[in-house]
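The values are calculated or read from the model by the stated rules, or taken from the named source; none is laboratory data. Bear in mind that the values here come from a model prediction, so they are computed numbers and not experimental data. Heads up, the Cβs are rebuilt from the backbone with ideal geometry, glycines too, and the neighbour counts pull from every protein chain shown.
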Amino acid sequence: MLIVIIILGVVALWAIGTYNSFVRLRTQKDEAWADIDVQLKRRYDLIPNLINTVKGYASHEEGVFTKVTEARSQAMQAGSVAEHSNADNMLTGALKSLFAVAENYPDLKANTNFLELQKELADTENKIQSARRFYNGNVKALNIKIETIPSNFIAKLAKVAKADFFELAEGNPERENVKVDFAK
C-alpha cells in the first residue's frame, strides 16, 4: 500500500511539474510575442512620418502611398500570428516600393529627415527580425514539449495548444533566391 501511495505521489508531482513547465513556456512565448508587438508598433508609428517626407518630394506617386497606408492599416488590425505574418509581408513589399520611388529623387535621398527615418526603420526591421527569432525559439520549445511523450498526455488534459510560428509567407520575395548577373 505504501508503494502505491509513493508511486501515485511521484506521478502527481511529475504531472504538476509538467503542467507548470507548460505554463512557463506559454508565458515565455507570450512575452516574446509582446516583444514583436512593441517593434511592430514602433514600425507602424514611423511609417506616416516616412510617407509625409516622401510626399513632399514625390507627390504624384499617390498609388505607392495608398498601398503603404493600406498595408499599414491591415497590419495594425491583424489578430492572429498568421494574420500578422501575412500583413507584415504585405507591408514589407509596400515599403520596398516606397523606397524604390525614393531612389528616383536625389534631393529626397539627401534629406536628413528622410535619412534618419530610413535609418530608424532599418533599425526597427533588425529588432523585429531578432524578436521574431526569439518568439519562434519559444514556440519551438513549447511545441516540442506538447508533442513529446510523456508530457503530451498532460498537454491534452490541460488543453495546451500548439502555437504558430511567425514566418515569411510563401511567395514572399525575401524567400526567393537572389539572382546575381555580372554580365552587365
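Can you name the condition, by its number, that residue 43 falls short on among (1) crowded, with 16+ Cβ neighbours inside 10 Å; (2) at pLDDT 95 or above; (3) among the basic types (Lys, Arg)? Unmet for residue 43, out of (1) crowded, with 16+ Cβ neighbours inside 10 Å; (2) at pLDDT 95 or above; (3) among the basic types (Lys, Arg): (2). Selection of the range 15-32 for residues being of a type in the set (Val, Ile, Thr) and either farther than 17 Å from residue 151 by Cα or touching a residue at least 24 places away in the same chain (Cβ under 8 Å) (or both) yields 18, 27. Pairing each residue of the range 147-167 that is in contact (Cβ under 8 Å) with a residue 12 or more places away in the chain and under 22 Å from residue 14 (Cβ atoms) with any residue that is surrounded by 14 or more Cβ atoms within 10 Å (Cβ to Cβ) and of a type in the set (Gly, Ala, Ser), provided the two are 6+ apart or on different chains, yields C-beta distances under 7 Å for 154/15. Residue 142 satisfies every condition listed in (1) buried (at least 18 other Cβ atoms within 10 Å of the Cβ); (2) at pLDDT below 90; (3) among the hydrophobic types (A, V, I, L, M, F, W, C) except (2). Testing residue 162 on (1) within 26 Å of the chain's Cα centre (by Cα); (2) farther than 26 Å from residue 18 by Cβ, one condition comes back false. Which one is that? With respect to (1) within 26 Å of the chain's Cα centre (by Cα); (2) farther than 26 Å from residue 18 by Cβ, residue 162 is out only on (2).
Can you name the residue in the range 102-115 that is exposed (fewer than 14 other Cβ atoms within 10 Å of the Cβ) and part of a helix (DSSP H, G or I) and is also nearest to the chain's Cα centre (by Cα) among such residues? The extreme case among them is 115. Count of the range 42-55 residues, restricted to those that are over 23 Å from the mean Cα position of the chain (by Cα) and in contact (Cβ under 8 Å) with a residue 12 or more places away in the chain, is 2.
Condition check: over 30 Å from residue 155 (Cβ atoms), part of a loop (DSSP other than H, G, I, E, B) and either in contact with a Phe, Trp or Tyr (Cβ under 9 Å, 6 or more places away or on another chain) or not β-branched (Val, Ile, Thr) (or both). Does residue 58 satisfy that? Considered against the rule, which asks whether it is over 30 Å from residue 155 (Cβ atoms), part of a loop (DSSP other than H, G, I, E, B) and either in contact with a Phe, Trp or Tyr (Cβ under 9 Å, 6 or more places away or on another chain) or not β-branched (Val, Ile, Thr) (or both), residue 58 comes out as yes.
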